[in-house]
Amino acid sequence: MRVLLLLVALLPALAAAQPYPVKPVRIVVPAQPGGGLDLIGRTVADQLGRSMGQSFIVENSSGGGGAIASQAVARAAPDGYTLMVGYVATHGTNPAVRKVPYDPVKDFTPIAMVGGTRNLLVAGPALPVANLSAFLDYAKRSGGKLAYGSGGIGTLNHLIMEQLKAAAGFDAVTAHYRGIGPAFQDLLGGQVQVMTPGLAAALPHIRSKKIKPIAVTGLQRHPLIPDVPTFEESGFKGFDAVQWYGIVGPAKMPAEITRKLHAEISMALASPAFQQRLANEAIDPMPMTPGEFGRFIQDEILRWGALARERKITLDE
């Protein structure tokens with residue numbers, strides 16, 4: 001009996017001594033199935049499941065622009081068995097334009113940046129412009145009547161256009177939609193004239209020549225659209241925004257588990273098969289250490305927060 005009691009008392013210590021993970025791991029995706037965010041979650045889950053010999057289960061949790069999922073993960077036990085795909089909205093633009101029910105820095109452990117897709121300025125088929133200079137001339141002559149579409153107030157595509165308006169000195173009418181899909185429909189129909197969507201969403205329309213790419217974010221041209229200049233080479237610095245995705249966990253996760261997960265994801269990012277799955281969605285790998293990823297998140301919040309204050313963009317009114 002005494003031996004049995006001793007074994008029961010030792011069970012927690014024995015479990016802790018077992019190599020992580022000893023049970024299925026949950027990866028929360030703060031969006032409905034489908035799209036780049038879900039792709040990242042499922043690609044990472046598949047890779048980690050095979051490399052670590054344990055089930056990594058994707059759980060989709062949409063609502064509140066990712067706030068519901070983020071709050072739930074922030075409150076989860078920091079034992080490495082609840083992870084999340086943190087991305088530009090949950091850990092960048094949303095905290096910059098609204099009060100969220102979590103602290104995007106203090107409530108999370110940054111584990112690994114995965115990658116990002118560029119954004120670009122595109123014009124509808126009827127707009128008589130072919131380059132950024134011509135577009136800006138047209139925009140300034142329009143007297144504020146130019147209409148641009150966004151996927152919602154405070155989204156990355158909204159903030160990038162506001163950044164351009166401030167940098168180039170023109171005004172435009174903003175049409176906010178519930179997602180980028182409806183905005184594209186009106187761009188193709190002529191109800192709005194321009195947008196700044198992610199490259200993955202824009203590519204099918206560019207390839208079918210239904211929209212005109214004008215300029216792309218980033219410091220170098222993108223290989224999928226090599227003829228499209230960057231904002232940088234067109235004279236506008238600071239336009240390097242991307243729709244980025246990474247893996248985070250609750251704050252105060254054990255350093256050993258964080259290092260192990262980071263190492264496994266880093267190995268995955270070096271895999272040609274993994275890179276191809278990202279490339280299919282125009283996502284470029286963005287490897288970072290956990291420390292670099294944490295600083296990146298802080299910089300994103302500061303960057304978009306400054307722009308939101310300057311342009312008086314808020315969702316709290």
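The values are calculated or read from the model by the stated rules, or taken from the named source; none is laboratory data. The structure presented is a predicted model; accordingly, all values stated were derived computationally and were not measured. Virtual Cβ from ideal backbone geometry, glycine too; neighbours counted across all protein chains shown. For accessibility, only protein heavy atoms count, side chains too; no ligands or nucleic acids. Shrake-Rupley method; radii C 1.70, N 1.55, O 1.52, S 1.80 Å.
In the stretch 33-49, what residues are without any contact (Cβ under 8 Å) to a residue 24 or more places away in the chain and under 13 Å from GLY86 (Cα atoms)? Correct list: ASP38 only.
When LYS237, LYS212, LYS260 are checked against the criterion of being of a type in the set (Lys, Arg), open to solvent by 20 Å² or more (accessible area, probe 1.4 Å), closer than 18 Å to ALA45 by Cβ and over 18 Å from the mean Cα position of the chain (by Cα), a single residue qualifies: LYS260. Please verify whether the stretch 88-95 includes one or more residues that are open to solvent by less than 30 Å² (accessible area, probe 1.4 Å), closer than 30 Å to SER208 by Cα and part of a strand (DSSP E or B). No, that holds for no residue. Per this entry, VAL73 is not counted among residues that are within 15 Å of ARG303 (Cβ to Cβ) and more than 14 Å from the chain's Cα centre (by Cα). Restricting the first member to the stretch 97-119 and to residues that are closer than 21 Å to VAL44 by Cβ, and the second to residues that are of a type in the set (D, E, K, R) and assigned to a strand (DSSP E or B), the beta-carbon pairs closer than 8 Å and six or more apart or on different chains are GLY115/ASP284; GLY116/ASP284; THR117/ASP284; ARG118/ASP284.
If you take the residues of the stretch 1-31 that are at pLDDT below 90 and surrounded by 11 or more Cβ atoms within 10 Å (Cβ to Cβ), which of them is farthest from TYR87 (Cα to Cα)? Looking at residues that are at pLDDT below 90 and surrounded by 11 or more Cβ atoms within 10 Å (Cβ to Cβ), I get LEU10.
Checking each residue in the stretch 164-210 for being under 27 Å from ALA31 (Cα atoms) and part of a loop (DSSP other than H, G, I, E, B) picks out TYR177, ARG178, GLY179, VAL192, THR196, PRO197. If you scan the stretch 55-78, which residues turn out to be open to solvent by 40 Å² or more (accessible area, probe 1.4 Å) and at pLDDT 95 or above? Matches in the stretch 55-78: SER55, ILE57, GLU59, ASN60, ILE68, GLN71, ALA72, ARG75, ALA77, PRO78. What do you reckon, is ALA215 within 17 Å of PRO125 (Cα to Cα), touching a strand residue (DSSP E or B) at 6+ places or on another chain (Cβ under 9 Å), touching a residue at least 60 places away in the same chain (Cβ under 8 Å) and not in a loop (DSSP other than H, G, I, E, B)? Judged against the criteria, ALA215 is a match. Scanning the stretch 281-317 for residues that are farther than 16 Å from ALA96 by Cα, part of a helix (DSSP H, G or I) and open to solvent by 80 Å² or more (accessible area, probe 1.4 Å) gives a single hit, GLU292.
Please work out which residue is nearest to ALA45 (Cα to Cα), limiting yourself to the stretch 240-257 and to residues that are among the small types (Gly, Ala, Ser) and open to solvent by less than 10 Å² (accessible area, probe 1.4 Å). Top of the filtered list is GLY246. Contact annotation: no residue pair with Cβ atoms under 6 Å, 6 or more positions apart or on different chains, pairs a residue in the stretch 241-259 that is closer than 13 Å to PRO290 by Cα with a partner that is of a type in the set (Asp, Glu) and part of a helix (DSSP H, G or I). Would it be correct to say that ARG277 is in contact with a helix residue (DSSP H, G or I) (Cβ under 7 Å, 6 or more places away or on another chain) and open to solvent by 30 Å² or more (accessible area, probe 1.4 Å)? Yes.
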